[in-house]
Amino acid sequence: MKIPALLIVSCLAASLLQAEDARHILNQPGKVISQPSLKEALGPEWSVAKGEWKPADGVLTAAEIPDEHHAAVLHLATGPTPLIFECEFRFNGSKIFYIGCDGTKHVGRLVVMPKSAKLCEDSTEVKGKTPSDTLAESAVDLKPDDWQHLLVEYAGDRIIAHLNGLELQAQHPYLATPKTRWWFAVGGAGAQIRNVRISEGQPLADK
């Protein structure tokens, strides 16, 4: 029996839409907080805390400054809203890539290295003495020159990260700490970021 071509196309479109919807577990996208073109200077919602951050031709290139003895950090003012944080990145010479959030101090973070990815809460963190508490971790195999797709969702006391086809979920009371900002951070030199879109989240009903 032949299946009409229109029906095949309709079914394919529906499956693609379902796959797209499935990416968002905690939130539906709401108001866009920032979606920089990366062809010109970043807007006032962004601020450089450490390192060098250079947008050009649709790509943001980040590098540590050796004399600072600190990862390169770029802050984004968001307030305490639920959030969806999406971008692509590649290591391109760097060794570690972060997306994190702060209240009056660090709250939580996604840590991506070439061979591992993990979600952490920072209530235990004491710089140079006590590390963050790892809530979820998985092995990965990320090539330095390949672009990696990231989607991070935050709502309440939960953070979910989608790295390419991998999903990490974490829940902890400290993650519910009201946020003032989110941030990118890079360890090393040369990391590149593109297709950045950060939106307020509209929480979905808990499944």
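Each reported figure results from applying straightforward, stated rules to the coordinates on display, with no laboratory input. Computed from a prediction, not measured in an experiment: that's the story for all the values here. Counting neighbours? That spans all protein chains shown, and the Cβs are built from the backbone with ideal geometry, glycine included.
For the reader, a short list of remarks on this structure follows.
- Semi-axis lengths (Å, descending) of the ellipsoid that matches the C-alpha gyration tensor of segment 102-207: 22, 18, 14
- Mean sequence separation of contacting Cα pairs (under 8 Å, at least six apart), scaled by the length of segment 60-160, corresponds to a relative contact order of 27 percent.
- Rounded to the nearest 20 debye, dipole of the chain from Cβ charges on Lys, Arg, Asp, Glu: 120
- With contacts taken as Cα pairs under 8 Å and at least 6 residues apart, the chain reaches a relative contact order of 31 percent.
- Each peptide in 84-91, 139-146, 166-173 gets a packing score, the mean of other Cβ atoms within 10 Å over its residues, and the list from highest to lowest is 84-91, 166-173, 139-146.
- Global geometry of segment 46-122, whether rounded, prolate or oblate, following the gyration tensor of its Cα atoms and the 1.5 cut on a/c: rounded
- Relative to the Cα centre, the charge distribution of segment 52-97, modelled as +1 at Lys and Arg Cβ and -1 at Asp and Glu Cβ, gives a dipole magnitude of about 120 debye.
- Prolate/oblate/rounded label for segment 143-186 (Cα gyration tensor, a/c 1.5): oblate
- Bins of 5 Å from zero: percent of alpha-carbon pairs in segment 28-202: 2, 9, 18, 23, 23, 17, 8, 1, 0
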